[in-house]
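S.K.: Please read through the structure below; I'll follow up with questions.
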Amino acid sequence: MASVALKSFTGLRQSSSEKPHFVTQTKATPNLQFRRRFYVSAAKTSPKIAGRNLRVAVVGGGPAGGSAAETLAKGGVETFLFERKLDNCKPCGGAIPLCMVGEFDLPLDLIDRRVTKMKMISPSNVAVDIGQTLKPHEYIGMVRREVLDAYLRERAAENGANVINGLVMKLDLPKERNSPYVLHYTSYDGKKGGVGEKKTLEVDAVIGADGANSRVAKAIDAGDYDYAIAFQERIKIPDDKMVYYENLAEMYVGDDVSPDFYGWVFPKCDHVAVGTGTVTHKADIKKFQIATRNRARDKISGGKIIRVEAHPIPEHPRPRRLAGRVALVGDAAGYVTKCSGEGIYFAAKSGRMCAEAIVEGSENGKRMVEESDLRKYLEKWDKTYWPTYKVLDVLQKVFYRSNPAREAFVEMCADEYVQKMTFDSYLYKRVVPGNPLEDLKLAVNTIGSLVRANALSREMDKVSL
């Protein structure tokens, strides 16, 4: 693929007349419903609403909240989108799959870099180049969350959502079947600093899109989950070194950078994001970050750290994601994948799917919704994405458990068939059916890689004694 000529970056983003160029390998029918209003029949047990439309609060203005609010507003629902920090630079690696560009009609000027090459680097610093199976139009998009999130919120507002610069502090649950939920929040009205103004809002339903430390989740007693801590530094490196990362991302594995995850160097508009994460050794996260920076030392030397970020990453869905007319989406629900730690696409997708269920169940905002309406979202979500989460969970347990296993993982990544299957699944968000013969060869090669890596580890242990 020819190198991408990058625009100059001033402010958050520049407008662009360029249209998204993508090829989707999913069925066209589901995507069409995102561009039209819903006209369906709801269960007649739910009462009609007189004199107004259904009112829904979306708590959290990230990809999950922005996508939910837009879909609700388009569907005739009176929508309130809460976000405390409208200029928030959310700590995030920032990778999005190709299918998200098309499914969510993202303008291409939101994408800082189009990654077409990756290097997977083993504990012994063996580097494997990945990306040769990509088609000319295919790439992994790298975005800054402050840019993406603002765009999705603005688009929701353009479609009728009420965006509130406020922090939801408490959610009062209704005492009767169709009574309202009451949100207690602090309104800042776009002001920076200050104590804000205490306010309340009554709504018919709530979507919790307020991240890993969700207050909405606490209000419905959704339960806890294991989580990883991700630590990331944005580093401005010299221009001549930035050329190396023009369309390249790196992933480092090894006990030094993380005992159960990986380290990364992802390119952004004018800097690189360098980070790592761990579930099992959170107290050592800064030590792992130093090791990640040291592994990439020669390629980022002369760089200046311009921002330091840390955030929790859920490791599995919460025990409870729905209660009454309250549903959780995105990180609040625990929708981050194992192995890769990806969450942006799944956040946006879950927000949209939950909102679609509300629009459908309310007949475009004309009827009250019930728990059974929102449960359709969970049933559809689990049916669609459970295989993806399960496969990545198995991969993490097998290949992130020791340095010999990581060496085998990197060796396996050199296989062209593995790369094709991996990228097809990632770019288009589906578990790709494999070729039985190639799958058998892959199984044999994987076992061989694990055996060789363990044998090498034993020999190295003998030498070190």
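S.K.: Can you figure out the FRET efficiency of K383 with D239, using R₀ = 51 Å and their beta-carbon distance, to the nearest 0.05?
M.R.: Efficiency, from the Cβ-Cβ distance: 0.60.
S.K.: Another question, then. When the accessible area of segment 304-379 is computed with all protein chains present and a 1.4 Å probe, what percentage of it is carbon and sulfur?
M.R.: 50
S.K.: Hey, what's segment 332-430 come to in accessible area per residue, 1.4 Å probe, Å²? Walk me through the numbers on the way to the answer.
M.R.: Working: 3450 Å² over 99 residues.
Computed with neighbouring chains in place, this is 35 Å² per residue.
S.K.: Same structure again: Per-residue HN-Hα couplings for segment 237-246, Karplus 6.51 cos²θ - 1.76 cosθ + 1.60 at θ = phi - 60°, whole Hz, x for Gly and Pro?
M.R.: 9, x, 4, 5, 7, 5, 4, 4, 9, 3
S.K.: Report the extension gain between V195 and D172 in nm, rounded to one decimal, defined as 0.36 nm multiplied by the number of residues separating them, less their alpha carbon distance. Don't jump to the answer; show the numbers that get you there.
M.R.: Working: separation 23, 0.36 × 23 = 8.28 nm, distance 2.21 nm.
Stretched out fully, the V195 to D172 stretch lengthens by 6.1 nm.
S.K.: Along Cα→Cβ, 7 Å out, is where each label goes; now give me the distance between the ones at V398 and S187 in nm to one decimal.
M.R.: Calculated label separation equals 5.5 nm.
S.K.: Another one. How much accessible area per residue does segment 218-281 have, counting only protein heavy atoms and a probe of 1.4 Å, in square angstrom? All intermediate terms of the calculation are to be shown ahead of the outcome.
M.R.: Working: 2070 Å² over 64 residues.
Accessible area per residue, segment 218-281: 32 Å².
S.K.: R297 to A414: extension gain in nm, 0.36 nm per residue of separation minus the Cα-Cα distance? Before the final figure, lay out each step's value.
M.R.: Numbers: separation 117, 0.36 × 117 = 42.12 nm, distance 2.39 nm.
Using 0.36 nm per residue and subtracting the Cα-Cα distance, I get 39.7 nm.
S.K.: Taking amide H positions as placed in the peptide plane 1.01 Å from N, state which residues far from R307 in sequence (5 or more) or on other chains have amide H under 5 Å from it.
M.R.: Distant-sequence amide H within range of R307: R234.
S.K.: Counting Lys and Arg as +1 and Asp and Glu as -1, what is the net charge of the other residues whose Cβ lies under 14 Å from the Cβ of A127? All intermediate terms of the calculation are to be shown ahead of the outcome.
M.R.: Details: positive: K117, K119, R295, K299, R406; negative: D129, E250, D298, E407, E411.
So the environment of A127 carries a net charge of 0.
S.K.: As an exercise, use a Förster radius of 56 Å and the Cβ-Cβ distance of A50 and D226 to find the FRET efficiency, rounded to the nearest 0.05.
M.R.: On the way: r = 46 Å, r/R0 = 0.82.
Efficiency for this residue pair is about 0.75.
S.K.: Could I ask something else about it? Please work out the average accessible area per residue across segment 156-207, using the 1.4 Å probe convention, and give it in Å². The partial results should precede the final answer.
M.R.: Numbers: 3040 Å² over 52 residues.
Value for segment 156-207: 58 Å² per residue.
S.K.: A further question on this structure: Can you give me the % of accessible surface on segment 241-294 that is carbon or sulfur? Probe 1.4 Å, all protein chains present, nothing else counted.
M.R.: Working: 970 of 1680 Å².
Taking all protein chains in place, segment 241-294 shows 58 percent carbon and sulfur surface.
S.K.: In segment 157-209, carbon and sulfur make up what percent of the accessible area (probe 1.4 Å)? Write down the numbers at each step before the final one.
M.R.: Details: 1460 of 3050 Å².
Carbon and sulfur: 48 percent of the exposed surface of segment 157-209.
S.K.: Grab the Cα-Cα distance for K85 and H281, subtract it from 0.36 nm times how many residues apart they are, and report the gain in nm with one decimal. Can you show the working numbers first?
M.R.: Numbers: separation 196, 0.36 × 196 = 70.56 nm, distance 2.98 nm.
Net length gain for the segment: 67.6 nm.
S.K.: Between K390 and I290, what is the label-point separation in nm under the 7 Å Cα-to-beta-carbon projection?
M.R.: The answer from the label model is 4.3 nm.
S.K.: For the pair T133 and N213, how long in nm is the line joining their label points, each one 7 Å along Cα→Cβ?
M.R.: With each label point 7 Å from Cα toward Cβ, the separation is 4.0 nm.
The values are calculated or read from the model by the stated rules, or taken from the named source; none is laboratory data. All values reported here derive from a predicted model rather than from experimental measurement. Note that each Cβ is placed from the backbone with ideal geometry, even for glycine, and that neighbours are counted across all protein chains shown. Just the protein is used for accessible areas: all its heavy atoms, side chains included, with ligands, DNA and RNA removed. Shrake-Rupley method; radii C 1.70, N 1.55, O 1.52, S 1.80 Å.
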